[in-house]
């Protein structure tokens, strides 16, 4: 069998969802959530927009983000057929692929603790049959065809811009404009529908869902700064406290996994996965830090370097879900937090003041940006963050290192909490909302 692609004609699709039902009937014994979803553009029927449907599952991309970012090497891509397969027996349930995939294809099964997704029905293909979703589409809107190298991918609503090269061809709309109306409803009547029409889908990443990662990244930043400061004349490292905190870090890092017993597989994909690199750097930091504290003090500088490399890797792995200005930088990035805390603990005034002012500038820039978009700037939370994280540490700088550090950590904890609520994973549904906002002149969400 040669490499293939889905074909989809939105001019034929009625949104009946027979494709999704067929997929469930074919795979219901191993499908906990729908693998195929039907998205409707302009579900409220706004007269200034067309109405059409999109039927999407895994596109079996030529450069799949799930395979690139999976730390456990749970994904494979068949070189001959192009089919991307997730192997549940290798998956540790970290859900990073659900962040990385802009097409919302991987689904987390909380019962099994692993990822599942469209398989392209290999059993049916082996018998010369079409995938179940294609075979059951009553309007023949879905199809399967040989892969085309020149298929158009840019500018298609529902396909967020990415480098994954999804294996799907979508036919252009025959009527891309709004329908002809005898009498257009008044603007006052249309305005009532806009909040529902342009509602942002529920985010994949929230502080409530990722609080263990918030604590993990915060504690790790404190340990890296403490290790570094101890090498620069700051508070000496307490080996047993470091060891206990390291155990807490490792526990927090596995608490969100669906299959914690497979956490060892996280080191399998160092070549392309920043999550694998983070795990390797954290492991090296904690190991070297323990050795330097109990047996070989000369390893201290190397341990500190590994700690800050781990913070850098953490910031890199979140780039799949963080897109904001300036330059995709955030005041709560763990590397900035760690360096700021290092300056405070070690009494290095240029580093502390420089990072403090830089982080404060990023924070205020972001709040101004949110205010311009009409979003809440959370004034009380913002005042708490600025007071604890910036004003407090800089006012009492060098008088008591641990008091200064505690204030900075509390401020960064507030900022990091906001960070998790601001992360945004691209999805087809979110892309459709953004296209509608643009065409209606409603501005960004």
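Please treat every number below as a calculation from the coordinates, not as lab data. Computed from a predicted model, the values in this text were never measured in an experiment. Virtual Cβ from ideal backbone geometry, glycine too; neighbours counted across all protein chains shown.
Which order do 227, 25 fall in if you start with the one that has the fewest other Cβ atoms within 10 Å?
Values: 227 27, 25 11.
So the residues, fewest neighbours to most, are 25, 227.
For the chain, take the alpha-carbon Rg, divide it by the Kirkwood Rh, and send me Rg/Rh.
Taking Rh as the inverse mean 1/r over Cα pairs, Rg/Rh reads 1.03.
Based on the alpha-carbon gyration tensor of region 253-380 and its eigenvalue square roots a ≥ b ≥ c, which shape applies: rounded if a/c is under 1.5, prolate if not and a/b is larger than b/c, or oblate? Display every interim value, and only then the final one.
Values: a/c = 2.67, a/b = 1.35, b/c = 1.97.
Since a/c reaches 1.5 but b/c is at least a/b, the shape of region 253-380 is classed as oblate.
Could you give the angle, 0 to 90 degrees to the nearest 10, between helix 239-255's Cα long axis and the longest principal axis of the Cα atoms of the chain?
Orientation of helix 239-255: about 10 degrees from the principal axis.
So in the chain, what percent of DSSP beta bridges are antiparallel if you round to the nearest 5? Could you put the intermediate results ahead of the total?
Details: 16 of 19 bridges.
In the chain, approximately 85 percent of DSSP beta bridges are antiparallel ones.
Please state the relative contact order of region 4-173 as a whole percent: Cα pairs under 8 Å, 6+ residues apart?
Working: 308 pairs, mean separation 57.7, N = 170.
Relative contact order comes out at 34 percent.
How would you rank 60-73, 290-303, highest first, on the average number of other Cβ atoms within 10 Å across their residues?
Details: 60-73: 22.5, 290-303: 16.6.
Highest to lowest by the protection proxy: 60-73, 290-303.
In degrees between 0 and 90, to the nearest 10, how far off the longest principal axis of the chain does helix 274-294 point, with axes built from Cα atoms?
With rounding to tens, the tilt is 20 degrees.
Listing 124, 28, 238 from the residue with the fewest other Cβ atoms within 10 Å to the one with the most, what is the order?
Numbers: 124 16, 28 9, 238 13.
Going from sparsest to densest Cβ surroundings: 28, 238, 124.
When only Cα pairs under 8 Å and 6 or more residues apart are kept, what is the percent relative contact order across the chain? It would help to have the intermediate numbers written out before the result.
Working: 758 pairs, mean separation 86.6, N = 445.
Computed over the chain, the figure is 19 percent.
Using alpha carbon coordinates only, what is the Rg to Rh ratio of region 161-210, with Rh defined as the Kirkwood radius?
On the way: Rg = 18.3 Å, Rh = 16.0 Å.
When Rh is taken as the Kirkwood radius, the ratio is 1.14.
For labels at residue 391 and residue 88 in the simple 7 Å Cα→Cβ model, what's the distance in nm?
Between residue 391 and residue 88, the simple spin-label model gives 5.5 nm.
What is the angle, in °, between the Cα long axis of helix 18-27 and the longest principal axis of the Cα atoms in the chain? Nearest 10 is fine, range 0 to 90.
Between the helix axis and the principal axis of the chain, the angle is about 60 degrees.
Would you mind listing how long region 14-68 runs along its three principal axes, going by Cα atoms, in whole Å with the largest first?
Projected onto the principal axes, the Cα atoms of region 14-68 cover 40, 29, 14 Å.
How would 104, 150, 48 line up from fewest to most surrounding beta-carbon atoms within 10 angstrom? Mind dumping the intermediate values first?
Values: 104 23, 150 6, 48 15.
Ranked by crowding around the Cβ, least crowded first: 150, 48, 104.
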